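The block underneath contains the structure these notes are about, expressed in structure tokens.
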Amino acid sequence: MALSTDEVGRFAGLLERGGDTLTAAWTEAVATSLRGRLSHAELHRQLAELQKGFQAALAEGSDLDGDAGAELRAQLNELSSTRARQGFTATETAVSVFALKDAVLAILDQGEGADSTALRDYVAFSGFVDRAGLFTFDSYVRAREELISDQAEQLLELSTPVVKLWEGVVAVPLVGTLDSARAQVVMERLLQTLVDTGSPYAIIDITGVPAVDTQVAQHILKTVVAARLMGADCIISGIRPQIAQTIVALGIEFGDIATKSSLADALRHVLRLTDAKAARRGARRGV
Amino acid sequence: MERVPVLKIGDILLVSIQIDMEDQVALQLQEDLADRIVATGCHGVIIDISALDIVDSFVGRTLATIAAVSRVLDAETVVVGMRPAVAITLVELGLSLPGIRTALNVELGMELLALERDFDLPDDDDEADEAGATVVAAP
């Protein structure tokens with residue numbers, strides 16, 4: 001519901017006249033709903049600024065979506081993203097805006113008297129605040145979603161380290177469920193490490209993978225084939241008895257890829273291979 | 001048309017591909033390499049593709065053909081320096097380049113050749129005589 005120029009003017013005036021009393025009443029209302037998780041002074045400062053924002057937006061016109069409301073929108077955005085990051089709920093954030101209505105109603109009761117104009121004005125104003133509140137809600141959700149996607153990315157980074165185990169041997173301890181996105185990250189990181197370190201052997205340890213289905217096996221196989229294409233050999237280790245049973249039951253073929261039950265076995269296997277190589281070279285040189 | 005240079009280092013022919021592998025370039029390389037193997041009597045070929053961003057199915061097949069031709073001429077081929085992105089693309093395309101030996105870099109490729117065929121690395125002078133003696137001349 002759009003406000004007429006008249007109403008807008010009256011409300012801008014009201015907010016200005018209300019001044020500190022209004023801010024105080026507003027702060028009080030919000031403080032109760034937040035249950036003391038934000039200091040009174042801090043809240044007062046935030047709301048005083050927001051009140052100025054409302055006042056400015058109303059003085060220029062009643063349009064929250066247009067240019068006049070840009071400043072107010074920025075403020076609401078800021079408010080909701082800080083709240084979202086501080087862990088307040090959506091309701092607690094939206095109430096910060098809606099409480100303005102209660103505060104204004106209190107002022108109205110004291111001053112102007114409850115004639116029909118005041119009532120109509122109040123309803124119109126209430127509509128404006130509602131829109132502001134909904135906007136806050138949207139911003140809050142957006143801020144939360146950003147937070148979640150950031151965290152998902154961090155998790156991806158954290159969960160796929162490639163460690164150097166021995167001279168020319170790197171290992172990838174996989175922990176957690178292996179979906180396509182993670183498998184891709186693991187593959188890229190492993191292959192890049194192979195290039196960077198010039199290691200001809202890689203061990204993929206799946207001790208921390210809770211379940212192996214055909215898709216996970218497919219991802220692992222792809223990684224092994226890609227590493228082979230680049231000239232490195234992969235060994236799969238950390239296969240638990242149950243997983244071995246699943247692999248056989250599903251009919252997954254690892255072909256000529258070496259599989260070992262523990263990381264230690266895999267390392268021993270690799271060292272034996274490198275030893276054999278060195279011995280052949282030594283024998284040849286020694287002749 | 002651009003050509004890929006073939007360098008002889010000791011008993012190995014080194015091919016470093018620094019230009020886009022168009023089909024003609026790949027075919028030309030295949031011919032050049034066969035000629036050079038016969039002319040020099042080398043027993044190892046190293047193809048360095050570390051500068052290649054894209055390896056399509058044709059180039060992949062050409063590499064396989066080069067490896068097969070070289071084997072007939074008694075030379076072992078190693079493809080080295082494939083980039084991770086290239087390897088991933090090939091796997092996604094289902095091309096696993098069967099019959100091609102690979103190594104991470106030129107150095108490891110030379111080591112692999114030396115091990116496979118009891119070749120000497122080019123800087124190993126002390127064994128040069130023995131290698132020369134055991135190696136049968138290329139057809």
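The values are calculated or read from the model by the stated rules, or taken from the named source; none is laboratory data. Small disclaimer: the values here were computed from a predicted structure and weren't measured. Neighbour counts are summed over all protein chains in view; Cβ atoms, including those assigned to glycine, are modelled from backbone coordinates with ideal geometry.
Listed by first and then second residue, the pairs with beta-carbon distance under 8 Å, at least 6 apart or on different chains, first residue in the stretch B:91-107 and under 10 Å from A:ALA226 (Cα atoms), second charged (D, E, K, R), are B:VAL91/A:LYS222; B:GLU92/A:LYS222; B:SER96/A:ARG228. Selection of the stretch A:199-220 for residues being over 25 Å from A:ARG268 (Cβ atoms) and either within 10 Å of chain B (Cβ to nearest Cβ) or touching a Leu at 6+ places or on another chain (Cβ under 8 Å) (or both) yields A:ASP213, A:THR214, A:VAL216, A:HIS219.
All of (1) within 14 Å of chain B (Cβ to nearest Cβ); (2) surrounded by 13 or more Cβ atoms within 10 Å (Cβ to Cβ); (3) part of a helix (DSSP H, G or I) hold for A:ASP196 with one exception: (2). Screening A:ALA31 against (1) closer than 20 Å to A:SER126 by Cβ; (2) assigned to a helix (DSSP H, G or I) leaves a single unmet condition, (1). Six or more apart or on different chains, Cβ atoms under 7 Å: show the pairs whose first residue is in the stretch A:116-134 and without any contact (Cβ under 8 Å) to a residue 60 or more places away in the chain and more than 17 Å from A:ARG73 (Cα to Cα) and whose second is among the hydrophobic types (A, V, I, L, M, F, W, C) and assigned to a helix (DSSP H, G or I). Matching pairs, first to second residue: A:ALA118/A:LEU108; A:TYR122/A:LEU105; A:TYR122/A:LEU108.
Checked against (1) in contact with a helix residue (DSSP H, G or I) (Cβ under 8 Å, 6 or more places away or on another chain); (2) exposed (fewer than 15 other Cβ atoms within 10 Å of the Cβ); (3) free of Cβ contacts under 8 Å to residues at least 24 places away in the same chain, A:ARG45 passes all but a single condition, namely (1). Before we move on, is A:VAL170 modelled with pLDDT of 90 or more, within 30 Å of A:GLU153 (Cβ to Cβ) and not in a helix (DSSP H, G or I)? The answer is yes for A:VAL170. All told, A:THR214 meets the bar of being touching a residue at least 12 places away in the same chain (Cβ under 8 Å), of a type outside the set (A, V, I, L, M) and out of contact with any Gly (no Cβ under 8 Å at 6 or more places or on another chain). Only one of the numbered conditions (1) within 10 Å of chain B (Cβ to nearest Cβ); (2) in contact (Cβ under 8 Å) with a residue 24 or more places away in the chain; (3) within 37 Å of the chain's Cα centre (by Cα) is not met by A:PHE254, and that is (1). A:VAL224 falls short on exactly one of the conditions (1) closer than 15 Å to B:THR102 by Cβ; (2) touching an Asp or Glu at 6+ places or on another chain (Cβ under 8 Å); (3) in a helix (DSSP H, G or I), and that condition is (2). On the basis of being over 20 Å from the mean Cα position of the chain (by Cα), surrounded by 14 or more Cβ atoms within 10 Å (Cβ to Cβ) and outside the structural domain of A:PHE11 (by TED's automatic domain parsing), does A:LEU174 make the cut? In short, yes.
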